[in-house]
Amino acid sequence: MGSKLELALGRARHAAIGAAVGAFVGGLINKNFASSGGAVGGLIGAAIGEKRVSADSFIKSVKERKADATEE
C-alpha cells in the first residue's frame with residue numbers, strides 16, 4: 001500500500017509543479033494560453049512523477065538487496 005501512496009503523491013507533486021510552470025510560460029505568451037499551458041504542464045509533470053517514483057523505488061530495492069547480501 002505504501003508504494004501506491006508514494007506513486008500517487010509523486011505524481012501529484014510533479015503534476016502541481018508542472019502545472020504551475022506551464023501556466024507561467026503560457027501566461028507569458030498570452031493570458032488565454034495560461035490555462036492550456038497549465039493543463040499540458042500538469043500532464044507532463046504527472047508522467048515525470050510516475051517515472052521518477054518508479055526509478056527511485058527500484059534504486060531503493062537494489063540498495064536493500066545489496067545491504068542484505070553484505071550482511072551474510
Checklist outcome for this item: Of all lysine pairs in the chain that are eight or more residues apart or on different chains, those with Cα atoms under 27 Å apart total 7
Checklist entry - Rounded to the nearest 20 Debye, what is the dipole magnitude of the chain about its Cα centre when Lys and Arg each give +1 and Asp and Glu each give -1 at the C-beta? => result 320 debye
Next on the checklist: Per residue, how large is the accessible surface of the chain? Use a 1.4 angstrom probe and give square angstrom.
Outcome noted: 77 Å²
Item to check | Cα-derived Rg to Rh of the chain, Kirkwood definition | outcome: 1.28
Checklist entry - What's the carbon and sulfur percent of the chain's accessible surface, probe 1.4 angstrom, rounded to a whole number? => result 66 percent
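The values are calculated or read from the model by the stated rules, or taken from the named source; none is laboratory data. On a predicted model such as this, the values are computed, not experimentally measured, just so you know. Cβ: placed from backbone, ideal geometry, glycine included. Neighbour counts: every protein chain shown. With ligands, DNA and RNA removed, areas are computed over all heavy atoms of the protein, side chains included. Shrake-Rupley method; radii C 1.70, N 1.55, O 1.52, S 1.80 Å.
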